[in-house]
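Undergrad: Quick one: the structure is below, questions incoming.
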Amino acid sequence: MIEFIAQNMAPIMFASLVIFLLIGYPVAFSLAANGLLFFLIGVVLSPYSGGSINLAWPLLHALPDNFYGSRVMSNDTLLAIPFFTFMGIVLERSGMAEDLLDTIGQLFGPIRGGLAYAVIFVGALLAATTGVVAASVIAMGLISLPIMLRYGYDRRVASGVIAASGTLAQIIPPSLVLIVLADQLGRSVGDMYAGALIPGLVLTGLYTLYILIMSIVRPKSMPALPLEARTLGHGILSLLVAVLTAVVVSYAAYRYLAPSQGQNADILGATIGVVFIYVVAIADQRLKINMMSRLAQQVIIVLIPPLALIFLVLGTIFLGIATPTEGGAMGAVGALIMAAMKGRLSLDVIKQALASTTRLSSFVLFILIGARVFSLTFYGVNGHIWVEHLLTSLPGGEIGFLIGVNILVFLLAFFLDFFELAFIIVPLLAPAADKLGIDLIWFGVLLGVNMQTSFMHPPFGFALFYLRSVAARMPYLDRLTGKQIAPVTTGQIYWGAVPFVCIQVIMIGLTIAFPQMVMHYKGTPVDPGTIDYQVPETPGLSPLGTPPADGGAAPTAPAPDLSQPPSFGETPPAKPAAPAPDLSQPPSFN
């Protein structure tokens, strides 16, 4: 019995961790306690293991290096997490989400399902600026849910689209989970961001397609905004003219700058066009010229600052100007500037943002420390070999492995959130994926899309809890219409999430079927057969592969006369020849 336990320590240790988590112990302490407990058991049972346990007391000396080395306290990659968290919370406190939802809701209001489209669009924008799911879901739940209920939206559709749009912050850069996944997989955060961009946009498109289908199949579930609710009036034509003007100015600036700026001319030209139309919109609003419609003014003034912040953060990362940590720092400064411009930057806002950032960073840090303790023991009992053999033996090769792993992560996401999955499961899966030849960026993006479901799973999804905390529990009187609005039940929130969980599963399948959505981060592959090697010609040498022109004889150059001064074009006078020395006589030194 002792030999059996010693030789199967790895699966027993993993099962013990799962039991601890299901009981409800905190994840960080469950990881650390399991690691230390099984380290003690492993040292005692090591003589009975037949060589499968490689633990000894001196191995504990490696823990301080794990804590203070490059994996935890000195990890520059994880430094981006507090920056992006701080940026997202400051933007949420600055009222950016409220302005975006109100403006985009007015823009899409005349069409059926317009408010739902606005929520998805704003959710994608908030994901690209904040990267924090809680901030996005709570902000949209507080602002959009009462408006959608006021105008007759189905409660399941309204709650589902708000929760799902908030979780876009999981996969659209600068996502916090992508930072953690890149660190655990040993890959560049910039490559992970580049690989996740297209899947994030495709997922946003699938959400939009679902709303379009629902607006056709069940039109009464998402009516258009009534005329009296469109406070910004009409003005789509004016907005189109403004966009066309910005394009013309951008193209003109590009043509002017192309000779001097080269490849940077397109970016500089686009920047000039956007700044031009933004300045015109502000001047038109402040001076009351009324050259644009109110709708066009508001859309331009509200949309351009967050888009500029997205370019400041992601654009500099993708262009290679800044690292993700530096991009996060610039984003945090940009969020402070935007809040100050809106007059909503105060000491209280900064205190709240710093407190929330500290809590989340401490949460991540303690989980990572616990994971280090657990992995030290788990690797000592050859747990990584057990997991690798278990996964690589799945039928179907690479595709079978990906399907099996994604099913496992999908089921674990019912009970664990994305940080716990990233720190516990990913280090066990990555070696097997690498051994099968799977690109780890593709693998990481797949897991990122899959872990997104951990926020949407009934009944444990955190996005559903966030929405439940801000949704009305009791009937209330609407402040504009004066009508009594029925509350949103927990069952309606759960059922509203189910279609979007199915869409996320479809997205996992699309990412497996079309890996090029992610693999584009490598750039265009180069065919070695098309490379033309040219060696510059050297005087006196024949081209490679041809015989020498002189039949192989090396040219003979006259030896220079070093006894003469150098000649610069004048013929020096001839020097008389020295008489030959008489070697029969002794040398004379006079």
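Undergrad: Residue under question is ALA335, and the condition is that it be among the aliphatic types (A, V, I, L, M) and free of Cβ contacts under 8 Å to residues at least 12 places away in the same chain; does it hold? Explain how you work it out, then say what you get.
TA: Values: among the aliphatic types (A, V, I, L, M): yes; free of Cβ contacts under 8 Å to residues at least 12 places away in the same chain: no.
So ALA335 does not fit the description; no.
Undergrad: Name the residues in segment 41-76 that are touching a residue at least 24 places away in the same chain (Cβ under 8 Å), open to solvent by 50 Å² or more (accessible area, probe 1.4 Å), assigned to a helix (DSSP H, G or I) and not hydrophobic (A, V, I, L, M, F, W, C), would you?
TA: Scanning segment 41-76 gives a single hit, TYR48.
Undergrad: I've got another one for you. Check PRO459 against each of (1) in a helix (DSSP H, G or I); (2) at pLDDT below 85; (3) open to solvent by 10 Å² or more (accessible area, probe 1.4 Å); (4) closer than 20 Å to LEU421 by Cα and name the one condition it does not meet.
TA: All conditions are met except number (1).
Undergrad: Within segment 375-386, which residues are open to solvent by 10 Å² or more (accessible area, probe 1.4 Å) and in a helix (DSSP H, G or I)?
TA: Across segment 375-386, the qualifying residues are SER375, LEU376, TYR379, HIS384, ILE385, TRP386.
Undergrad: Quick check on my filter: what residues within segment 11-33 are closer than 16 Å to LEU59 by Cβ and surrounded by 21 or more Cβ atoms within 10 Å (Cβ to Cβ)? Working first, answer last.
TA: Of segment 11-33, the ones closer than 16 Å to LEU59 by Cβ are 13, 32.
MET13 - this is the single residue of segment 11-33 that is closer than 16 Å to LEU59 by Cβ and surrounded by 21 or more Cβ atoms within 10 Å (Cβ to Cβ).
Residue-by-condition table, conditions (1) farther than 23 Å from GLY331 by Cβ; (2) touching a helix residue (DSSP H, G or I) at 6+ places or on another chain (Cβ under 7 Å):
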position: GLY113; (1), (2): yes, yes
position: ILE120; (1), (2): no, yes
position: ARG150; (1), (2): yes, no
position: GLY160; (1), (2): yes, yes
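So that you can scan it fast, the table gives a plain yes or no per residue for (1) of a type in the set (A, V, I, L, M); (2) closer than 13 Å to GLY383 by Cβ:
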position	(1), (2)
GLU3	no, no
MET9	yes, yes
MET13	yes, yes
VAL18	yes, no
PHE29	no, no
GLY42	no, yes
SER46	no, no
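Undergrad: Quick one: count up the residues across segment 132-144 that are closer than 15 Å to PHE418 by Cβ and either of a type in the set (Asp, Glu) or assigned to a helix (DSSP H, G or I) (or both). Steps first, please.
TA: The initial filter retains those residues of segment 132-144 that are closer than 15 Å to PHE418 by Cβ, namely 132-134, 136-137.
When the remaining residues are screened for being either of a type in the set (Asp, Glu) or assigned to a helix (DSSP H, G or I) (or both), the result is 133-134, 136-137.
Count: 4.
Undergrad: Ok, one more. Is it the case that some residue within segment 410-433 is without any contact (Cβ under 8 Å) to a residue 12 or more places away in the chain and closer than 23 Å to ILE503 by Cβ?
TA: Taking segment 410-433 first, the residues without any contact (Cβ under 8 Å) to a residue 12 or more places away in the chain are 411.
Next, from what is left, pick out any that are closer than 23 Å to ILE503 by Cβ: 411.
There is at least one residue in segment 410-433 that is without any contact (Cβ under 8 Å) to a residue 12 or more places away in the chain and closer than 23 Å to ILE503 by Cβ.
Undergrad: Okay, next question. Among all residue pairs at least 6 apart or on different chains, which show Cβ distances below 9 Å where the first residue, located in segment 341-359, is under 11 Å from PRO82 (Cα atoms) and in contact (Cβ under 8 Å) with a residue 24 or more places away in the chain and the second is charged (D, E, K, R) and open to solvent by less than 70 Å² (accessible area, probe 1.4 Å)?
TA: That search, which allows pairs on different chains as well, returns ALA353/GLU92.
Undergrad: Specify which of the listed residues (ALA283, ALA242, ALA270, ALA322) is closer than 27 Å to ALA335 by Cα and surrounded by fewer than 16 Cβ atoms within 10 Å (Cβ to Cβ). Working first, answer last.
TA: Values: ALA242 fails: surrounded by fewer than 16 Cβ atoms within 10 Å (Cβ to Cβ); ALA270 fails: surrounded by fewer than 16 Cβ atoms within 10 Å (Cβ to Cβ); ALA322 fails: surrounded by fewer than 16 Cβ atoms within 10 Å (Cβ to Cβ).
When all the criteria are applied, what remains is ALA283.
Yes/no per residue for (1) open to solvent by less than 20 Å² (accessible area, probe 1.4 Å); (2) touching a strand residue (DSSP E or B) at 6+ places or on another chain (Cβ under 6 Å); (3) in a helix (DSSP H, G or I); (4) touching a residue at least 24 places away in the same chain (Cβ under 8 Å):
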residue: PRO146; (1), (2), (3), (4): no, no, yes, yes
residue: ALA182; (1), (2), (3), (4): yes, no, yes, yes
residue: ASP191; (1), (2), (3), (4): no, no, yes, yes
residue: LEU197; (1), (2), (3), (4): no, no, yes, yes
residue: GLY205; (1), (2), (3), (4): no, no, yes, no
residue: ILE216; (1), (2), (3), (4): no, no, yes, no
residue: ALA224; (1), (2), (3), (4): no, no, no, yes
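Undergrad: Just give me the residues in segment 403-422 being in a helix (DSSP H, G or I) and either open to solvent by 10 Å² or more (accessible area, probe 1.4 Å) or of a type in the set (Ser, Thr, Tyr) (or both), in sequence order.
TA: Taking segment 403-422 first, the residues in a helix (DSSP H, G or I) are 403-412, 418-422.
Listed by number, the residues that qualify are ILE403, GLY404, ASN406, ILE407, LEU408, PHE410, LEU411, LEU412, PHE418, GLU420.
Undergrad: Now for a separate question. Confirm whether ASN264 is surrounded by fewer than 17 Cβ atoms within 10 Å (Cβ to Cβ), polar (S, T, N, Q) and within 30 Å of GLY105 (Cβ to Cβ).
TA: Values: surrounded by fewer than 17 Cβ atoms within 10 Å (Cβ to Cβ): yes; polar (S, T, N, Q): yes; within 30 Å of GLY105 (Cβ to Cβ): no.
Against the criterion (surrounded by fewer than 17 Cβ atoms within 10 Å (Cβ to Cβ), polar (S, T, N, Q) and within 30 Å of GLY105 (Cβ to Cβ)), ASN264 does not qualify.
Undergrad: Is one or more of the residues making up segment 392-402 under 30 Å from LEU436 (Cβ atoms), touching a helix residue (DSSP H, G or I) at 6+ places or on another chain (Cβ under 6 Å) and not in a helix (DSSP H, G or I)?
TA: For segment 392-402, residues under 30 Å from LEU436 (Cβ atoms), touching a helix residue (DSSP H, G or I) at 6+ places or on another chain (Cβ under 6 Å) and not in a helix (DSSP H, G or I): present.
Undergrad: Looking at (1) under 28 Å from the mean Cα position of the chain (by Cα); (2) under 24 Å from LEU428 (Cβ atoms); (3) open to solvent by less than 60 Å² (accessible area, probe 1.4 Å), can you tell me which one GLU398 breaks?
TA: The one condition GLU398 does not meet is (3).
Undergrad: Among (1) more than 13 Å from LEU79 (Cα to Cα); (2) modelled with pLDDT of 85 or more; (3) surrounded by fewer than 19 Cβ atoms within 10 Å (Cβ to Cβ), which single condition is GLY331 missing?
TA: (3)
Undergrad: Still on this structure, I have one more. Being under 24 Å from the mean Cα position of the chain (by Cα), part of a helix (DSSP H, G or I), over 18 Å from SER165 (Cα atoms) and not hydroxyl-bearing (Ser, Thr, Tyr): is that true of ALA430 here? Steps first, answer last, please.
TA: Working: under 24 Å from the mean Cα position of the chain (by Cα): yes; part of a helix (DSSP H, G or I): yes; over 18 Å from SER165 (Cα atoms): yes; not hydroxyl-bearing (Ser, Thr, Tyr): yes.
Criteria met by ALA430.
Undergrad: For segment 77-112, which positions are assigned to a helix (DSSP H, G or I) and polar (S, T, N, Q)?
TA: Just the residues of segment 77-112 that are assigned to a helix (DSSP H, G or I), to begin with: 77-93, 96-108.
The answer is THR77, THR85, THR103, GLN106.
Undergrad: Out of the residues in segment 360-394 that are more than 19 Å from ALA80 (Cα to Cα) and among the polar types (S, T, N, Q), state the one that is modelled with the highest pLDDT. Outline the logic, then answer.
TA: Narrowing segment 360-394 to residues more than 19 Å from ALA80 (Cα to Cα): 370-394.
When the remaining residues are screened for being among the polar types (S, T, N, Q), the result is 375, 377, 382, 392-393.
Values: SER375: 82, THR377: 86, ASN382: 81, THR392: 76, SER393: 76.
Filtering segment 360-394 for residues that are more than 19 Å from ALA80 (Cα to Cα) and among the polar types (S, T, N, Q), the one modelled with the highest pLDDT comes out as THR377.
The values are calculated or read from the model by the stated rules, or taken from the named source; none is laboratory data. Just so it is clear, the model here is predicted, and its values are computed rather than measured. Note that each Cβ is placed from the backbone with ideal geometry, even for glycine, and that neighbours are counted across all protein chains shown. Ligands, DNA and RNA are excluded from the accessible area calculation, which covers all protein heavy atoms including side chains. Shrake-Rupley method; radii C 1.70, N 1.55, O 1.52, S 1.80 Å.
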